[in-house]
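Working notes for the structure below.
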Amino acid sequence: MFPGYLTLWLFLIFAFPQSTFPQSTYFPAAGDKWERRTPQQAKIDAVKLKEAVDFAVASESKAPRNLELAHYQTFGREPFGEAIGAFKERGDATGIILRNGYIVAEWGDPQRVDMTFSVTKSFLSTVVGLAFDRKLIKSLQEPVRNYSAPVSIYQTTEKYDDAEKFGKSRLLELFETEHNRKITWEHLLRQTSDWEGTLWGKPDWADRPDKDANNWLNRKRNEPGAVYEYNDVRVNVLALAALNVWRRPLPQVLKEFVMDEIGASNTWRWFGYENSWIVMDGLPAQSVSGGGHWGGGMFISARDMARFGLLTSQNGK
């Protein structure tokens, strides 16, 4: 995630213990009629609340609002850092503060859809959690390989009688190396898998690469579960593995089981990459990304994000 971008999407969900604040949490119905409370009604210091809002507005990232340009000034300078997904110019700093579900402060343009970068990972972990709840995944400690079918990349120009590719598999198999066979769902969810390989044209070592280029192709392999490393290639591996389990695009899963249930608008979109299309049960399906590292990811409004945050603060209830 680009440094400072989260301040542009400041969704402060005030979830205090019920023993301290006995009011029941309100959840808004679908649509724009979200009830509000004054700071006094919510028992919040109005002066400090204003200071928090002013701080958020003043703390906008100094990176360009043209997020494609911002990409090429940062991650785009890494090896294989070319953008392969959509970018959207960001709007004004925007946020919502909730107390017991009621809006007590709001600024910017809460209906505007913007990129959320690595906040997308919260949505990805949610659809994996839904698969676990529905017994599509029996145990998070089970190897992901047990759930992984060969993946056929969707390429309309692919020629299967190409002599130069004779004898080479046209299928994508993510967990067939000795190292990757040991990776569990929990390892991927916790970013401790140390998955090795290349996905959607991005090698695992190329995301935030070692400062010493001599280590890029000969890096030490850590035992799955032993070392945490923030890595978007491996998050995208999780997204493709989840697509394999659900056998349907993950945005459809999220919409049916979460976003429609919480009354979200119909304006959010979850994108993958121009080259992350596969064939699933005879139909093209895009494997979404777990962030906006190379473009794509979750594009959503502050209002819809606040609904999702409120759901999370209530443990999904």
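Name the residues in region 175-198 that are of a type in the set (S, T, Y) and assigned to a loop (DSSP other than H, G, I, E, B), would you?
Within region 175-198, T177, T192, S193 meet the criteria.
Residue by residue, here is whether (1) in a strand (DSSP E or B); (2) buried (at least 19 other Cβ atoms within 10 Å of the Cβ); (3) at pLDDT below 95; (4) in contact with a strand residue (DSSP E or B) (Cβ under 6 Å, 6 or more places away or on another chain) holds:
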position: P17; (1), (2), (3), (4): no, no, yes, no
position: T20; (1), (2), (3), (4): no, no, yes, no
position: Q23; (1), (2), (3), (4): no, no, yes, no
position: K43; (1), (2), (3), (4): no, no, no, no
position: E51; (1), (2), (3), (4): no, no, no, no
position: F80; (1), (2), (3), (4): no, no, no, yes
position: G85; (1), (2), (3), (4): no, yes, no, yes
position: D109; (1), (2), (3), (4): no, no, no, yes
position: D114; (1), (2), (3), (4): yes, yes, no, no
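Quick check on region 53-63. Is at least one of its residues surrounded by 14 or more Cβ atoms within 10 Å (Cβ to Cβ), under 22 Å from I300 (Cα atoms) and among the basic types (K, R)? Can you show your working first?
Step one: list which residues in region 53-63 are surrounded by 14 or more Cβ atoms within 10 Å (Cβ to Cβ), which gives 53, 56-57, 59-61, 63.
Now restrict to residues that are under 22 Å from I300 (Cα atoms): 53, 56-57, 59-61, 63.
Subset that is among the basic types (K, R): none.
No, that holds for no residue.
For region 195-212, does any single residue satisfy the condition of being over 25 Å from the mean Cα position of the chain (by Cα) and not aromatic (F, W, Y)? Talk me through it step by step, then tell me what you get.
Taking region 195-212 first, the residues over 25 Å from the mean Cα position of the chain (by Cα) are 211-212.
Remaining after also requiring not aromatic (F, W, Y): 211-212.
Yes; the residues of region 195-212 include at least one that is over 25 Å from the mean Cα position of the chain (by Cα) and not aromatic (F, W, Y).
Do we have any residue at all in region 60-68 that's over 20 Å from V233 (Cα atoms), in contact (Cβ under 8 Å) with a residue 60 or more places away in the chain, part of a loop (DSSP other than H, G, I, E, B) and assigned by TED's automatic domain parsing to the domain that holds L98?
The answer is yes, given that some residue of region 60-68 is over 20 Å from V233 (Cα atoms), in contact (Cβ under 8 Å) with a residue 60 or more places away in the chain, part of a loop (DSSP other than H, G, I, E, B) and assigned by TED's automatic domain parsing to the domain that holds L98.
With the condition kept exactly as written, say whether any residue in region 246-267 is surrounded by fewer than 19 Cβ atoms within 10 Å (Cβ to Cβ), touching a strand residue (DSSP E or B) at 6+ places or on another chain (Cβ under 7 Å), among the hydroxyl-bearing types (S, T, Y) and assigned to a loop (DSSP other than H, G, I, E, B).
yes
Give me the pairs: first residue in region 25-50 and not assigned by TED's automatic domain parsing to the domain that holds W107, second residue assigned to a loop (DSSP other than H, G, I, E, B) and surrounded by 14 or more Cβ atoms within 10 Å (Cβ to Cβ), beta-carbon distance under 6 Å, and six or more apart or on different chains, which are they?
Note: no pairs meet the criteria.
Within region 137-151, identify whether any single residue is without any contact (Cβ under 8 Å) to a residue 24 or more places away in the chain, in contact with a strand residue (DSSP E or B) (Cβ under 6 Å, 6 or more places away or on another chain) and in a loop (DSSP other than H, G, I, E, B), and answer yes or no.
Checked region 137-151: at least one residue is without any contact (Cβ under 8 Å) to a residue 24 or more places away in the chain, in contact with a strand residue (DSSP E or B) (Cβ under 6 Å, 6 or more places away or on another chain) and in a loop (DSSP other than H, G, I, E, B).
State whether the residues of region 284-304 include one that is in contact (Cβ under 8 Å) with a residue 60 or more places away in the chain, closer than 21 Å to Y147 by Cβ and loosely packed, with under 15 Cβ neighbours inside 10 Å.
no
Does at least one position in region 95-105 carry a residue that is assigned to a loop (DSSP other than H, G, I, E, B) and surrounded by 14 or more Cβ atoms within 10 Å (Cβ to Cβ)? Working first, answer last.
Filtering region 95-105 for residues assigned to a loop (DSSP other than H, G, I, E, B) gives 100-101.
Next cut, surrounded by 14 or more Cβ atoms within 10 Å (Cβ to Cβ) only: 100-101.
Scanning region 95-105, I find at least one residue that is assigned to a loop (DSSP other than H, G, I, E, B) and surrounded by 14 or more Cβ atoms within 10 Å (Cβ to Cβ), so the answer is yes.
The values are calculated or read from the model by the stated rules, or taken from the named source; none is laboratory data. If you're wondering where the values come from, they're calculated on a predicted model, not measured in any experiment. All Cβ positions, glycine included, derive from the backbone under ideal geometry; neighbour counts span all protein chains shown.
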